[in-house]
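> My questions all concern the structure below.
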Amino acid sequence: MSQYDPTLSVLGIPDHNIKVAFVRHEYRGNGVRRRQYHVIDAELTYRLTRCPLCGFEALHPNRFYTTHVRVLNGVEMPTVIDLQKQRWRCHSCYHTVSAKTPLVQPNHTIAAHMTERIMKLAHERLPVKTIARIIGISASSVQRIIDQNLKLRPARRLPTRLCFDEFRSTHGMMSFICLDADSHRLIALLGDRFNRTIKNFFIAHYSLTERTRVQTVTMDMNAAYQTIIHKVFPKAQSSIGSISFNLRLVPLIRYASKRSNSLMTNTAVLIRL
């Protein structure tokens, strides 16, 4: 092993195929983005002879290529690993294969443990800019990682009292929101407020027995949901009332409004807080 391998242990990098060659401090970036980085020069290589594509033992080393991997800071300044990845070329099928590591996914430059840290901070409801400052990457990168890794899962059971309302989401569209009337927990977000969409959503995601548990559905005076209430919730009584959002839902609604491709394009989403 290299004498610098303890550096990887401190950073929580368990891959023994990565050999550290040198550690230095270096300024990178231009203008206001110019910063000093803690740079680790390392090499990723191991023995590989069988081509994973064609199956023949015809792989031969075909130089290295550099990936700049951002990892959690081990010092007060941002840390980056200039990782030289081994590349092989198959003399049978002529495809190239690159060395892989659990440190970072293929074609990515942000380490996996950084992604895990970002998601943990996001679950603690920290703002994106605060997470970016803690981790040491841009706010746009943090938002992209959250978008890619956020797991939206359906609520297991419907509460007995629901609130229906709508809000302005993307491109001036009105979207549907459903809350637990007692706890103000978010039950569902839908890309539009059409009765057909709402009806199909609840019928598709909840059994008749589950929907029968709902006793009341509260909505504002302008809502046209009364026509589907008894079709979806056979024993529910509809009522007119003022809907007030839980302040904890505001960041989530704003976040959902921005994700026009995944949440607000006629896509049903349930989130259990």
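> Counting other C-beta atoms within 10 Å, and keeping those with at most 15, which DSSP coil GluC sites (Glu not before Pro) do you find in the range 1-103?
Glu57, Glu76
> May I pose another question? Applying 1/(1 + (r/R0)^6) with R0 = 35 Å to the Cβ-Cβ distance of Arg168 and Arg34, what FRET efficiency is obtained, to the nearest 0.05?
The pair Arg168/Arg34 has a calculated efficiency of 0.30.
> Let me ask you something else. Return the distance in nm (one decimal) between the two label points of a simple spin-label model at Ala112 and Arg24, each offset 7 Å from Cα along Cα→Cβ.
About 3.0 nm, to one decimal.
> Name the long-range amide H neighbours of Ala181: under 5 Å, sequence gap of 5 or more, or other chain; modelled H, no Pro or chain starts.
Hits under the 5 Å cutoff: Arg161, Leu162, Cys163.
> Going through the range 107-206, which GluC sites (Glu not before Pro) have at most 11 other Cβ atoms within 10 Å and a DSSP loop state?
Here the sparse-neighbourhood loop sites are Glu124.
> Okay, next question. What is the fewest-to-most order of Arg33, Arg28 by other Cβ atoms lying within 10 Å of their Cβ?
So the ranking, lowest neighbour count to highest, is Arg33, Arg28.
> For the pair Val75 and Leu48, what calculated FRET efficiency results from E = 1/(1 + (r/R0)^6), where r is the Cβ-Cβ distance and R0 = 22 Å, to the nearest 0.05?
Between Leu48 and Val75 the formula returns 0.05.
> Using 0.36 nm per residue of separation minus the Cα-Cα distance, give me the extension gain between Ser138 and Ser9 in nm, one decimal.
Value of the extension gain: 43.9 nm.
> Pop the C-beta distance of Asn17 and Lys129 into the FRET formula with R0 = 51 Å and round what comes out to the nearest 0.05.
Calculated transfer efficiency: 0.90.
We did not get these values from a lab; they are worked out from the coordinates using the rules stated. As the structure is a computational prediction, the values presented were derived from the model and not from experiment. Heads up, the Cβs are rebuilt from the backbone with ideal geometry, glycines too, and the neighbour counts pull from every protein chain shown.
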